[in-house]
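Please read the structure below before turning to the comments.
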Amino acid sequence: MSRVWFQLGIVILCLSWLQTVGKSDSDPRPAQIPNQKQIQKQISELILKLDSNQRKIRQQAEVQLVKLGKPVLSLLPPPELISSNSVKEALQSVRLQIEKRAAKDSIKASHVNLKGTFSLSQILIAITQQTGNPLDSKNLPESVLKTRIDVNYVEVPFWKTIDDLSQKLTLSYQVRGSKGLLQLQHETEKRSVSTTDKSKVCIQGPFRIEIVNIQRRPLIGSSNRELLRATFLIQVEPRLRPLFLSYAADELKATGDSQINLPAFNRYAKYEIPLGEGGQDLKFTMQWIRDSQQRIKTIEIQGRLVMELAAETLPITFDDLFQSQGAIRRRGNITVELVKAEKKELDSTQNLNIRISLSYDYGGPAFESHRTWIYHNRAYLQNAQGKKYWLNGSSQTTLESAGKISVLYQFTDLPLKQVRYQLTYLAPTLITAAPIEFRFEKISFPAEVTENN
């Protein structure tokens with residue numbers, strides 16, 4: 001085939017793919033966005049230039065595709081529609097560059113800008129709109145939601161905004177459930193978050209780290225030494241999905257008065273803590289050894305953690321479970337197949353077992369290790385009336401090959417009479433490791449030793 005016909009083939013395939021993406025029934029986003037046709041045309045022209053005989057033209061086309069940013073990811077054609085290996089490699093490079101940039105941007109702190117007098121309900125809506133963090137206020141009394149507050153937020157980080165509101169209105173909060181909502185509660189007494197010592201809270205980027213407890217404990221087998229145990233709570237902005245936290249004991253340091261360094265109890269230990277489905281509040285502990293002869297009034301704790309996050313997720317939907325068996329959906333660099341759906345009827349409810357197959361165009365963190373937790377992605381069913389049923393059973397994964405896995409979801413206690421469900425699978429696309437550096441100064445040293453339970 002001549003180069004001209006080859007190039008025409010690429011254009012036709014690309015335009016066909018782009019039109020399919022724009023009109024897909026399974027795509028929950030609006031089918032039309034401003035300048036959609038212009039963007040599609042621009043992408044197809046740039047892809048054509050990726051096969052140019054001139055290196056400068058190829059390089060310029062790749063740079064321009066990267067500049068278009070994250071919207072390009074869902075519009076690029078899949079590799080199987082491109083017969084030129086050089087174009088395939090160029091498009092993969094484009095995807096990786098855009099994903100890396102988008103992931104880096106996503107782990108920056110979100111900010112709130114709001115000035116004036118508003119009801120709490122209005123403030124919460126503004127926070128969600130500006131930060132993308134979903135807030136759950138259904139448990140707050142109507143009187144609290146209607147309370148009017150004077151605020152002056154200018155580029156205030158999300159967590160500082162939430163802490164400020166919590167202190168003013170005696171609220172507590174926690175991220176819970178597979179929906180990843182920040183759930184707000186009204187406290188009858190000033191306690192919990194509303195009275196947290198500010199010296200025990202550190203906010204960095206989208207993370208909030210708090211020392212929730214610090215104790216002196218006996219060191220078994222030693223009469224002149226004891227343990228200093230600190231329990232930390234780390235919270236992540238709800239818009240992000242944390243996968244696991246890792247840290248090394250020798251990177252978390254405790255220093256007492258007069259620069260007294262307390263050695264870690266297990267200095268060579270390395271920890272990796274997975275977060276459960278929908279989990280974004282995580283507690284972890286660290287222990288240091290203190291000689292009983294050391295006189296310490298305050299301590300400083302500092303260290304470095306690493307949080308692996310799925311910074312971006314794409315919803316992939318199958319309209320009818322039993323009619324869609326064997327159907328394949330593609331979004332960005334992800335392909336998902338609905339392999340099988342089975343139901344089991346009980347006395348008054350039914351259970352559904354759903355198996356999907358997931359593959360990426362290229363590997364990466366998700367497939368370079370055997371951390372199966374990364375595949376336990378969020379999924380939910382939706383009936384004809386729009387009611388959602390989030391995964392409430394178990395999920396099991398099987399690594400089928402390099403870059404491909406199978407996931408079995410078990411939905412339980414579903415209405416018996418409901419026969420038609422839509423499945424939506426939320427697949428991670430941007431996996432990134434975010435470093436977290438924290439420092440707490442002048443923390444009061446516990447006065448007494450707490451006996452082991």
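The values are calculated or read from the model by the stated rules, or taken from the named source; none is laboratory data. Note that the coordinates shown come from a computational prediction; the quantities given were computed from them, not determined experimentally. Cβ coordinates were reconstructed from backbone atoms using ideal geometry, including for glycine residues, and neighbour counts include every protein chain displayed. In case anyone asks, the SASA skips ligands and DNA or RNA and just uses the protein heavy atoms, side chains included. Shrake-Rupley method; radii C 1.70, N 1.55, O 1.52, S 1.80 Å.
Taking the condition of being small (Gly, Ala, Ser) and at positive phi, how many residues in the stretch 235-264 meet it?
The qualifying residues number 1.
Among what's in the stretch 151-177 and is at pLDDT 95 or above and loosely packed, with under 15 Cβ neighbours inside 10 Å, pick the residue that is farthest from Phe118 (Cα to Cα).
This residue is Glu155.
Suppose we filter the stretch 322-333 for residues that are under 11 Å from Ile356 (Cβ atoms) and either open to solvent by 30 Å² or more (accessible area, probe 1.4 Å) or of a type in the set (A, V, I, L, M) (or both); how many remain?
Final tally of qualifying residues: 4.
Kindly indicate which of Lys344, Lys270 is open to solvent by 40 Å² or more (accessible area, probe 1.4 Å), within 30 Å of Thr412 (Cα to Cα) and of a type outside the set (A, V, I, L, M, F, W, C).
Going through Lys344, Lys270 in turn, the sole match is Lys344.
Only residues that are open to solvent by 50 Å² or more (accessible area, probe 1.4 Å), over 30 Å from Thr313 (Cα atoms) and not in a loop (DSSP other than H, G, I, E, B): list them for the stretch 98-150, please.
Scanning the stretch 98-150 gives Lys115, Thr117, Phe118, Glu142, Ser143, Arg148, Asp150.
Give me a count of the residues in the stretch 284-321 that are touching a residue at least 60 places away in the same chain (Cβ under 8 Å) and part of a loop (DSSP other than H, G, I, E, B).
7
Any idea which of Leu65, Leu75, Leu46, Leu81 is open to solvent by 20 Å² or more (accessible area, probe 1.4 Å) and either closer than 21 Å to Arg331 by Cβ or in contact (Cβ under 8 Å) with a residue 40 or more places away in the chain (or both)?
Leu81 is the lone residue from the list that is open to solvent by 20 Å² or more (accessible area, probe 1.4 Å) and either closer than 21 Å to Arg331 by Cβ or in contact (Cβ under 8 Å) with a residue 40 or more places away in the chain (or both).
Looking only at the stretch 265-288, decide whether some residue is within 22 Å of Ile443 (Cα to Cα), of a type in the set (A, V, I, L, M, F, W, C) and touching an Asp or Glu at 6+ places or on another chain (Cβ under 8 Å).
no
Mind counting the residues in the stretch 227-243 that are of a type outside the set (Val, Ile, Thr), crowded, with 18+ Cβ neighbours inside 10 Å and assigned to a strand (DSSP E or B)?
9
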